[in-house]
1. For residues that are of a type in the set (Gly, Ala, Ser) and within 10 Å of the chain's Cα centre (by Cα), scanning just segment 12-39, find the one that is surrounded by the fewest Cβ atoms within 10 Å (Cβ to Cβ).
2. Looking at segment 29-45, which of the residues that are out of contact with any strand residue (DSSP E or B) (no Cβ under 8 Å at 6 or more places or on another chain) and hydrophobic (A, V, I, L, M, F, W, C) is farthest from Leu17 (Cα to Cα)?
3. Could you count how many residues in segment 40-54 are under 11 Å from the mean Cα position of the chain (by Cα) and surrounded by fewer than 12 Cβ atoms within 10 Å (Cβ to Cβ)?
Amino acid sequence: MSQPTLEAKRHSLAHILAQAVLDMFPEAQLGVGPAIANGFYYDFELPRTLIPEDLPILEKK
């Protein structure tokens, strides 16, 4: 079995991030979350702005 490419890993991580955000904010609306040249990103519409204290919570999930 071949190893996943870096792009495939980034794609999967974007989905994992989206699920962690939905766990924290069930009312969140998801936008796009593509893999990009140096990582990935996800667009969210949230009930409030994320703050630095949210990062450890999302990382743990």
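1. Of everything passing the filter in segment 12-39, Ser12 is surrounded by the fewest Cβ atoms within 10 Å (Cβ to Cβ).
2. Here the residue is Ala37.
3. Adding up the residues that qualify gives 1.
The numbers here are math on the coordinates, done by the rules we state, and not lab data. Everything numeric here is computed off the predicted structure, so don't read it as measured data. We place every Cβ from the backbone using ideal geometry, glycine too, and count neighbours over all the protein chains shown.
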